[in-house]
Structures are given as structure tokens and as C-alpha cells.
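Q: Let me begin by handing over the structure; questions about it come next.
The values are calculated or read from the model by the stated rules, or taken from the named source; none is laboratory data. Just so we're clear, the structure is a prediction, and the values are computed from it rather than from any experiment. Heads up, the Cβs are rebuilt from the backbone with ideal geometry, glycines too, and the neighbour counts pull from every protein chain shown. In case anyone asks, the SASA skips ligands and DNA or RNA and just uses the protein heavy atoms, side chains included. Shrake-Rupley method; radii C 1.70, N 1.55, O 1.52, S 1.80 Å.
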Amino acid sequence: MSGSEPTMSGNQSLCTKFTFVAFSSLAELQPVLFVVFLIVYLFTMCGNLLIICLIWVTPFLHTPMYFFLVNLSILEMCYITSVVPQMLVHLLVETKTISVGGCAAQMYVFAILGLTECCLLAAMAYDRFVAICHPLHYTLLMSPPVCLKLAAVSWITGVVVESAQITWIFTLPFCGTGEIQHFFCDIMPVVKLACVDTSHNEIVIFAISVLFIMSPCFLILCSYLRIIRTILRIPSATGRHKAFSTCSSHILVVSLFYGTALFTYLQPKSAHTPDTDKTTALMYTVVTPALNPVIYTLRNKEVKEAFQRVTHRNPLRQVD
């Protein structure tokens, strides 16, 4: 990749650290925000750990769908941990700074996990497509080696693509006050601090977002179009409801994740404002990871049954 050449303008000095100013106008509310975000963080971590443990100890949940759900839960815990603990610290201190290196590290982790989640959601949609549209070939098409390969490709894609993009971003020189109108090192707020023309960089960032966010989204849409067509051909209402219920949790998670991702990364630069960026960022860094455990426990009969069995200490039995 090639972006703008880092030519300095005037006698501006390079930044060695950044300052977050997202909550600077909410000084009196910061203790309240600390408590709220701490509760949400702990709830998210406990909820995802509960899902992982339930799947681990419940034999009838050892299926491809729940294998991907374990990956998603691990990813969500890492995702929220890359942002929220630092935000909690900054809500308690007056100086909310981060070194350029620390900012780069946070952006690496956050961006890699974000793209990996896009790919994992596409793999989960493919799993539902095979289960509903090709049930007789499900065990062959979604064998353990295939599931491992799909998960590995998701993680490798996230690491390779985002490592290249973030490394490229941090070749830019940053100068000025170093104030980030955000509560963590998101891509566009940091790029705005560069003291060179970043128009070429922004075009490439937008192109990468379109390619690697929309490609999994397109695969998900194609999978569900086929799924819907297959479900509509099922003669009984009970059969249609049962088939759709296996997809409902995934559809909700995809809607939450892609709704905020598309709004954040695919809108033009002119539409970005500090307030909208912060609001949508709170959705995909805090709210969505917290809702995923709720969606997969309250709307999933198998997970609820596994939870009831574990809590009532009943012996596990194989479920058809």
C-alpha cells in the first residue's frame, strides 16, 4: 500500500502521546459512567464465560454452530477488553493520555478482532445454510476439520489485513495538540491527527472497509436468501418455525454488529462528527458484546436447557 508522503508543514513537532477528550465535558457524570461501564463490562465477561463453560460441559452442544459460538464469545471478551478497561481508568483520572505506541497496540487488537468477527459471522451463516438447505450432507460439509479451517481463515484474515492497514496508518506523522475526539484509538479519529494530506489514505481505508466488511456481509445475505427460500418450501408451520428459530439469534447478532459497523466505516468523511462517532462506537464496543450473551441464552432453547440441567445438577442426556 502507498499513502501520502509524510512531509511536515511548518515547524510542528511530532506527537509522542495522544489525549482522549471524549468525556471532558461530562466531568460530573464520569463517576456514574464508570459504574455503568464497569457493570456492563463484568456482565459481558461473565455472560460470555457462562456460554463457553456451558458448551464445554454439555455434550449435545458439541456441534459446529456452538463451536463458532465459543469462538465468538472469546472474541467478544477480547474485543470489549481492548477498549473498556482503559476507558474505566480514564474516567477516574484527570489526565487521559496514551502513548503513540500504546494507541497503535490498541488499534491493532481492536481492528483485528473487528474484522475477525465479520468473518466469523459469515462462517456461522454458512453453517446455518448447510444445516437448513443441505441437512443430509451436514455432517460431511461441516465436519470438525472444515469448522477448524473456517475459524482459522477468519482469524488469519483479521490478523493479516488489519496488521497491514494499522502498520501503514502509523507510518504517518502525527502533530498538533494530539487530542483525540474519542474514548479509544479508533481508526478515523487517529488519522485526522496526521499532519499531512490523508485523502489517499482515507480512500484506501474506505476501500478496505468496503471489501472486507461488505464481502462477509454479502455472503451472509446470500446464505439467508437461500435459507428463507428453503424455509418457505417447508409445508408445516411448525417445521418453518423450528427452522427459523435456529437462525434467529444469529440474525439479531449480525444486525447489531453490521448495523453499527456499516454506519461507522462506510459513511463519507463529511458525515463523521465526534458525537456520532462516539455514540456508534459505544454501540459496537460496549452494547453489542453485552447483548450477544443475552441473545444466545434467552433466544436459544438448547442453551437454556443446558443451563437448567447444569444448575439443577441433572445428568446430561443426549438430545436428538
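Q: For region 161-187, which residues satisfy the criterion of being closer than 24 Å to P216 by Cβ and out of contact with any helix residue (DSSP H, G or I) (no Cβ under 7 Å at 6 or more places or on another chain)?
A: Listed by number, the residues that qualify are A164, T167, W168.
Q: Scan region 82-101 residue by residue and report those that are touching a helix residue (DSSP H, G or I) at 6+ places or on another chain (Cβ under 8 Å) and more than 22 Å from C175 (Cα to Cα).
A: Passing the criteria: S82, V83, V84, P85, Q86, M87, L88, L91, L92.
Q: Which one of these is buried (at least 19 other Cβ atoms within 10 Å of the Cβ), in a helix (DSSP H, G or I), under 22 Å from the mean Cα position of the chain (by Cα) and of a type in the set (V, I, T): I74, I80, I39?
A: Result of the check over I74, I80, I39: I80.
Q: Going by the conditions given, is Y258 under 15 Å from the mean Cα position of the chain (by Cα) and either within 30 Å of Q165 (Cβ to Cβ) or part of a loop (DSSP other than H, G, I, E, B) (or both)?
A: Spelling it out, Y258 is indeed under 15 Å from the mean Cα position of the chain (by Cα) and either within 30 Å of Q165 (Cβ to Cβ) or part of a loop (DSSP other than H, G, I, E, B) (or both).
Q: If you go through region 209-222 one residue at a time, do you hit one that is buried (at least 19 other Cβ atoms within 10 Å of the Cβ), in contact with a Lys or Arg (Cβ under 7 Å, 6 or more places away or on another chain) and of a type outside the set (S, T, N, Q)?
A: The answer is no; no qualifying residue exists.
Q: Check whether at least one residue in region 53-66 is assigned to a helix (DSSP H, G or I), modelled with pLDDT of 90 or more and closer than 30 Å to A104 by Cα, and report yes or no.
A: no
Q: Moving on to the next point. Which one is nearest to L121 (Cα to Cα), of the residues in region 234-263 that are free of Cβ contacts under 8 Å to residues at least 40 places away in the same chain and surrounded by 15 or more Cβ atoms within 10 Å (Cβ to Cβ)?
A: I251
Q: Could you please give the count of residues in region 204-222 that are among the hydroxyl-bearing types (S, T, Y) and in contact with a Gly (Cβ under 9 Å, 6 or more places away or on another chain)?
A: Count: 0.
Q: Could you check region 92-108 and list, in sequence order, the residues that are assigned to a helix (DSSP H, G or I), open to solvent by 10 Å² or more (accessible area, probe 1.4 Å) and of a type outside the set (S, T, N, Q)?
A: Within region 92-108, L92, V100, G101, G102, A104, A105, Y108 meet the criteria.
Q: Let me ask you something else. Would you point out which residue out of T116, T177, T157 is outside any helix (DSSP H, G or I) and either of a type in the set (A, V, I, L, M) or farther than 30 Å from G239 by Cα (or both)?
A: Going through T116, T177, T157 in turn, the sole match is T177.
Q: Would you point out the residue of region 186-208, among those that are out of contact with any strand residue (DSSP E or B) (no Cβ under 7 Å at 6 or more places or on another chain), of a type outside the set (A, V, I, L, M) and assigned to a loop (DSSP other than H, G, I, E, B), that is farthest from T81 (Cα to Cα)?
A: My answer is D197.
Q: Mind listing whichever residues of region 148-182 are exposed (fewer than 15 other Cβ atoms within 10 Å of the Cβ) and of a type in the set (S, T, Y)?
A: Selection gives S163, T167, T171, T177.
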